[in-house]
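The values are calculated or read from the model by the stated rules, or taken from the named source; none is laboratory data. Note that the coordinates shown come from a computational prediction; the quantities given were computed from them, not determined experimentally. Backbone-built Cβ (ideal geometry, glycine too); neighbour counts: all protein chains shown. Just the protein is used for accessible areas: all its heavy atoms, side chains included, with ligands, DNA and RNA removed. Shrake-Rupley method; radii C 1.70, N 1.55, O 1.52, S 1.80 Å.
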Amino acid sequence: MKEKNNVSKSKWKRLFRKKWFFPALYLGISALLLTAVLWYQSGTNDADQAEEDKGIFDSLSFDSNEEATPVTEQDEVVKSPVAEDAEATVVTKFYDHNADSESQENALVLYDNKYYQSTGVDYAAADGGSFEVLAALSGTVTEVKEDALHGNVVQLEHKNGVTTYYASLEDVKVEAGQEVKQGDVLAAAGQSLFAKDKATHVHFEVRNGETAVNPETFLNQPVSKLQEAKAESEAVQEDAADTAGQTEQQQADAEAPADENTDAEAPADENADAEPAPSEDEEEPKPDAGEEEAPKQDDEKQPEEDATSSRSSAQT
């Protein structure tokens, strides 16, 4: 028994004498301690985070019955003011100065023996009957009136300065200040004195600010296209104004030297027209020879007459 104890002790002593023993022992103890600390911190953090998350969700007080609000509103698309099943087509087009002659002819309205350029489009049914007129965009009714020439009129205001205009109506179903959605019935197609040859129809306009645009160009297009078109149009107008101003300035600069030379030459022309004054050294122009001889002959005769008179006096 003693021999066994002595052998085990000798083994431990030989192990302790190894150079790597104590560094390995320290590393093992450190690893155990570090693992224990990390395990403890992770458990504590998870509990704290769970409590914190619970407090955040409780403070939100989310109501499941409340209607959700979209983060961004969808850009509405311009629709026709006539339902598809109405079978109404465009009988008068928008007058476009860049269109061909046939399109421009179809965009003229005859009234009181005069032709007027259409600022919108006219829809009419093939059978000449009435049909419902719908809101092309969601918006607010800003005007409902009865016009002597255009019949009943309804105007809607939309976002970003866009307005839609409906004329030649009957049986109007909206009033000023009312909010309407796209596709709501505004009235029925009627007649007007201004376009009485079109019989039952509706006149429809789209206005970008104060400018009327071609409704057919922007049908089934988002409203943002109107804003882009307006910005491009304003940019073109500004460029045209700048170009005209530069041209006028160049013309003014080109004409300025000519005016100065003209003013400078004016005195020379005046001096050229005026007769030069005679110099003192210059002799005055002599009269003609005939004019000079006439007074000499008179002077010669005068002494002779005096002498004759003297002789007559002496004889007497």
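Hey, does the stretch 110-119 have a residue that's open to solvent by 80 Å² or more (accessible area, probe 1.4 Å), small (Gly, Ala, Ser) and in contact (Cβ under 8 Å) with a residue 24 or more places away in the chain?
no
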Scanning for something within 17 Å of Ala195 (Cβ to Cβ), touching a strand residue (DSSP E or B) at 6+ places or on another chain (Cβ under 9 Å), open to solvent by less than 20 Å² (accessible area, probe 1.4 Å) and of a type in the set (Phe, Trp, Tyr), does the stretch 90-107 turn up at least one residue?
no
Can you give me the number of residues within the stretch 77-89 that are more than 25 Å from the chain's Cα centre (by Cα) and surrounded by fewer than 17 Cβ atoms within 10 Å (Cβ to Cβ)?
5
Suppose the filter is at pLDDT 95 or above and charged (D, E, K, R); does Glu66 pass it?
no
Selected residue (only one of Gly151, Gly177, Gly183 is small (Gly, Ala, Ser) and within 19 Å of Ser80 (Cα to Cα)):
Gly183
Go through (1) farther than 24 Å from Ala229 by Cα; (2) surrounded by fewer than 13 Cβ atoms within 10 Å (Cβ to Cβ) for Glu132 and report which single condition fails.
(2)
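Here is a yes/no grid of residues against (1) part of a loop (DSSP other than H, G, I, E, B); (2) within 30 Å of Pro222 (Cα to Cα); (3) modelled with pLDDT of 60 or more:
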position: Lys13; (1), (2), (3): no, no, yes
position: Leu25; (1), (2), (3): no, no, yes
position: Leu33; (1), (2), (3): no, no, yes
position: Tyr40; (1), (2), (3): no, no, yes
position: Glu51; (1), (2), (3): no, no, yes
position: Phe62; (1), (2), (3): yes, no, no
position: Asp75; (1), (2), (3): yes, yes, yes
position: Thr89; (1), (2), (3): no, yes, yes
position: Tyr95; (1), (2), (3): yes, yes, yes
How about the stretch 152-181: which of its residues are within 12 Å of Leu134 (Cα to Cα) and modelled with pLDDT under 95?
none
Give just the number: which of (1) within 22 Å of the chain's Cα centre (by Cα); (2) in a strand (DSSP E or B) does Lys225 not satisfy?
(2)
Kindly evaluate Lys198 against the criterion of being basic (Lys, Arg), open to solvent by less than 60 Å² (accessible area, probe 1.4 Å) and at pLDDT 75 or above.
yes
